[in-house]
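The values are calculated or read from the model by the stated rules, or taken from the named source; none is laboratory data. Remember, predicted model here, so these are calculated numbers, not experimental data. Every residue, glycine as well, gets a Cβ built from its backbone with ideal geometry; the counts of neighbours run over all protein chains shown. Note: areas computed on protein heavy atoms with side chains; ligands, DNA, RNA excluded. Shrake-Rupley method; radii C 1.70, N 1.55, O 1.52, S 1.80 Å.
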Amino acid sequence: MDASASPAPAAPDPAPVPGPGPAPAPAPVSRLRRLATPAGVMAAVVGAFGYVATVDPNEPGHYPVCPMLRFTGVFCPGCGGLRSAHAFAHGDLATALGANALAVVGYAVFAAIWLLWAVRASRGRPMRIGLAPGYWWGIGAVLLVFSVVRNLPFGSALAP
């Protein structure tokens, strides 16, 4: 070979292979499918309340006794909750509040959160509840104060 000869021209680059490009948009989820989880949760709650409404917790032997009450004689924050749910399911709000006022507040909070969840799900928006640690401490403090007060003589109105 001649040293003065130029190298052979390079082969042309192969044609570029098209990349995957932007991912195709996911298929829209139907409103019925978006509401399936909130509806399932509500069905479970209605089923539980239906059972408690049918099987009276005021009659002994149907439900286990609260272990804290049995072993210490102290009412926990949940004591009277089943009797409260039974009365609430029968529309007797005064008896429900007398059995466990905090549980009735819990029913109202659940209803509000569930309604918000269902509305957001129907619009295709996610439901996120992220409470700061201070709120969790506040909830714990309310439960503790409720438990202490309902076990003291002046708070006997809160006892089941």
Shape call, region 46-160: gyration tensor on alpha carbons, a/c limit 1.5:
oblate
By average Cβ neighbour count within 10 Å, what is the ranking of 73-81, 125-133 from highest down?
73-81, 125-133
Hey, can you find the accessible area per residue of region 85-151 for me, probe 1.4 Å, expressed in square angstrom?
65 Å²
